[in-house]
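Read through the structure below, which is laid out as structure tokens, and then see the notes.
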Amino acid sequence: MQHYYLCQLDELPPDPGWLGTQPWPVIAHGVGSTSCNADAIVPDRAAADLLIQRIEANPIASLVLVQTTRCGEHLDAEQALDLESLAYATLQGGQEFTHWRSLAQPGSAPAEDQSGAPVLLSRDDGLVRAQLNRPGNRNAMNRAMRDAWVEALELLALDDSISRMHFTGNGACFSTGGDLSEFGSFPDPAKAHQLRGICSPARLLSRHAARASFYLHGACLGSGIELPAFAQRVAAHSRSFFQLPELQLGLIPGAGGTVSIARRIGRQRMVWMVLSGKRINAGQALEWGLIDEIADQDPYLPANG
């Protein structure tokens, strides 16, 4: 069964509606021209073959990814987040995610650090500082962390005197994304979709992007870059790196990344990040527009810290 469509860039049909009729990811290779009729564009056949290997390993998640991003770019952010959540829920009930769970080492979840709230808040006039505070778990997004994000961001909706909420991370990195020990632990994917509509940091960040900023460092994986990408201002340390690893789990980004990252760097680059699973460094992120500034000290706070 065919799982992808591969061609040279200059061979893509010119019909702007053609891509939406394709029931598989469309990968084009070549340089010197552009086309909207591809899900991902790479420079040569060798780079295309790397994507194909990943597509073949998880063809359903790859298809759902490109269908979601194709449709999502024509929707407003709230609708696109609904679409992403529905797609994510579909894959949570699918065979590829089930297969990953069967192979994943069960282990035990890291002990929850109780040395303070998951997100530490402080205020200086109109500036609210929000620091992710689970360094022992690399600030992974578990339920407690998600709820703390939501509580912090709800302050922006409730208090107009807050001019900006600025996020940083405590420890070696900003965030390694979703806590794998909790992946798939919700028994009903449909109920999980409903919950994402009610308790979603992505929705709140999308609504209040102009009043949010981030300083990132170290590993920024999955939700650790999907959520910051909503904000109007994002700076990162020069040694930061960014990655969307969800495909190897049989999933797509589910913390808003098909919306936030696609709208920062374009649908095709976002799809490439997911299909390849590759890291990009701070320089590449700046060139693409995933971040707005590289700085080895937080540029969005007063000089005295």
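The values are calculated or read from the model by the stated rules, or taken from the named source; none is laboratory data. Keep in mind that this is a model prediction, so the values were computed, not measured. Ideal geometry is used to build each Cβ from the backbone, glycine not excepted, and the neighbour counts take in all protein chains shown. Accessible surface areas use protein heavy atoms only, side chains included; no ligands, DNA or RNA. Shrake-Rupley method; radii C 1.70, N 1.55, O 1.52, S 1.80 Å.
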Treating every alpha carbon of the stretch 1-144 as one equal point scatterer without solvent, the Debye formula yields log10 I(q)/I(0) values at q = 0.10, 0.16 Å⁻¹ of -0.57, -0.99
Which values of log₁₀ I(q)/I(0), to two decimal places, follow from the Debye formula for the chain at q = 0.10, 0.13, 0.15 Å⁻¹ with a uniform point scatterer at every Cα? -0.54, -0.91, -1.20
Return the carbon/sulfur percentage of the accessible area of the chain, one whole number, probe 1.4 Å, all protein chains in place. 52 percent
In the stretch 205-251, how does Rg compare with the Kirkwood Rh, expressed as the Rg/Rh ratio over alpha carbon atoms? 1.03
Protection-proxy order for peptides 145-155, 278-288, each taking the mean of Cβ atoms within 10 Å per residue, highest first: 145-155, 278-288
Of all DSSP beta bridges located in the stretch 193-305, what percent are antiparallel, nearest 5? 20 percent
Which peptide among 14-27, 218-231 comes first, and what is the full order, when sorted by highest mean count of other Cβ atoms within 10 Å? 218-231, 14-27
Mind ranking 269-277, 46-54 by how tightly packed they are, going by the mean number of other C-beta atoms within 10 angstrom, highest first? 269-277, 46-54
Once you list every other residue whose beta carbon is under 10 Å from the beta carbon of A80, what net charge do they have if Lys and Arg are +1 and Asp and Glu are -1? -4
From DSSP H assignment alone, runs of 4+ in the chain each adding -39500 (n - 2.57), the sum over residues rounded to the nearest 500 puts [θ] at 222 nm at -11000 deg cm²/dmol
Write down the percent of antiparallel bridges among all DSSP beta bridges whose residues are both part of the chain, to the nearest 5. 25 percent
Cβ-Cβ FRET estimate between Y5 and S122, R0 fixed at 41 Å, reported to 0.05: 0.20
